[in-house]
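This report concerns only the one structure given below.
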Amino acid sequence: MSESDTPEPDAPAGSDEQETDALLFGVWETGDIAYTDPSTQRYINVTPIAHTMGRHASKQFQKSEISVVERLINRLMQTEENTGKKQQAMRIVRDAFEIVHEDTKENPVQVLVTAVENAAPREETVRLKYGGISVPQAVDVAPQRRVDQALKFLAEGTYRGSYKTPTSAAQALATQLMGAADYDVGTYAINQKEEAERVAAAAR
């Protein structure tokens, strides 16, 4: 048998050929996500895992290794109504993704990534003290903090849009995601980003 006739060995377990394509919530693809902001790309991790059971909780800066979907879920838990209720927060995100897909016909994971990129502020202000006088100073925002702030704005917009209103949390979140992805200034997340950058521009 010649070398050309020798069969190639099977791909090792765990290689790309052997991996199965897992789906987020059993529905959504996470492989072909397009990024438009190279500065935040490494901090917006997309995986089909929505609950890591706190695997990275005790490791500094490991939050960026967690899926951005789970980070959004964790942000939604930081309210009086959802504290510690991860299954409920996961259900809100899952239902919101279904609403986004019905309205846009796009992959809701892609919509989330675009929304985070659009809602991430590039500048903010800090206060410096000079002889007892507090002076605002504009500073650039680190990429990791940009993602943190974007998720915070999305979660706060969801809370404000659903608290004591007929709107469900899933519908409010879907509205925030679609508005931020379209860069709608009327959306809470984009409005907060614009406000932070406007204040920073005045403090340069």
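Contact annotation: residue pairs with Cβ atoms under 6 Å, 6 or more positions apart or on different chains, pairing a residue in region 150-171 that is within 19 Å of Asn191 (Cα to Cα) and touching a residue at least 60 places away in the same chain (Cβ under 8 Å) with a partner that is charged (D, E, K, R) and in a helix (DSSP H, G or I), are Leu151/Arg71; Leu151/Arg75; Ala155/Arg75. Looking across region 53-78, the residues that are surrounded by 15 or more Cβ atoms within 10 Å (Cβ to Cβ) and polar (S, T, N, Q) come down to Ser64, Ser67, Asn74.
With the requirement that a residue be outside any loop (DSSP other than H, G, I, E, B), over 20 Å from Ala180 (Cβ atoms), of a type in the set (D, E, K, R) and open to solvent by 60 Å² or more (accessible area, probe 1.4 Å), what does region 79-111 give you?
Within region 79-111, the subset outside any loop (DSSP other than H, G, I, E, B) is 86-104, 108-111.
Next, from what is left, pick out any that are over 20 Å from Ala180 (Cβ atoms): 86-88, 90-91.
Still in the running and of a type in the set (D, E, K, R): 86, 91.
Of everything in region 79-111, just one residue is outside any loop (DSSP other than H, G, I, E, B), over 20 Å from Ala180 (Cβ atoms), of a type in the set (D, E, K, R) and open to solvent by 60 Å² or more (accessible area, probe 1.4 Å), namely Arg91.
Taking the condition of being over 20 Å from the mean Cα position of the chain (by Cα) and not in a helix (DSSP H, G or I), how many residues in region 185-203 meet it? Count: 1.
Would it be correct to say that Ala169 is over 30 Å from Gln87 (Cα atoms) and either among the charged types (D, E, K, R) or modelled with pLDDT under 95 (or both)? So that I can check it myself, show each step before the final result.
Working: over 30 Å from Gln87 (Cα atoms): no; either among the charged types (D, E, K, R) or modelled with pLDDT under 95 (or both): yes.
Answer is no for this residue.
Pairs are defined by a Cβ separation below 9 Å, a sequence spacing of at least 6 or placement on different chains, a first member in region 74-102 that is within 18 Å of Arg160 (Cα to Cα), and a second member that is assigned to a loop (DSSP other than H, G, I, E, B) and open to solvent by 80 Å² or more (accessible area, probe 1.4 Å); the pairs so defined are Met77/Thr83; Met77/Lys85; Thr79/Tyr163; Glu81/Tyr163. Evaluation of Glu124 against the conditions (1) in a helix (DSSP H, G or I); (2) touching a residue at least 12 places away in the same chain (Cβ under 8 Å); (3) within 19 Å of Ala189 (Cβ to Cβ) shows that the sole unmet condition is (1). When region 161-184 is filtered for residues that are open to solvent by 60 Å² or more (accessible area, probe 1.4 Å) and within 18 Å of the chain's Cα centre (by Cα), the ones remaining, listed by number, are Gln171, Thr175, Asp182, Tyr183, Asp184.
Mind telling me which of the residues Gly54, Gly26 ends up being modelled with pLDDT of 80 or more and not β-branched (Val, Ile, Thr)?
Details: Gly54 fails: modelled with pLDDT of 80 or more.
Unique residue meeting the criteria: Gly26.
Looking only at residues in region 137-147 that are without any contact (Cβ under 8 Å) to a residue 60 or more places away in the chain and touching a Lys or Arg at 6+ places or on another chain (Cβ under 8 Å), which one is nearest to Gln78 (Cα to Cα)? Among those that are without any contact (Cβ under 8 Å) to a residue 60 or more places away in the chain and touching a Lys or Arg at 6+ places or on another chain (Cβ under 8 Å), it is Val141.
The values are calculated or read from the model by the stated rules, or taken from the named source; none is laboratory data. This is a predicted model, so every value here is computed, not measured. Methodologically, a virtual Cβ is constructed for each residue, glycine included, from the backbone with ideal geometry; neighbour enumeration extends over all protein chains shown. Ligands, DNA and RNA are excluded from the accessible area calculation, which covers all protein heavy atoms including side chains. Shrake-Rupley method; radii C 1.70, N 1.55, O 1.52, S 1.80 Å.
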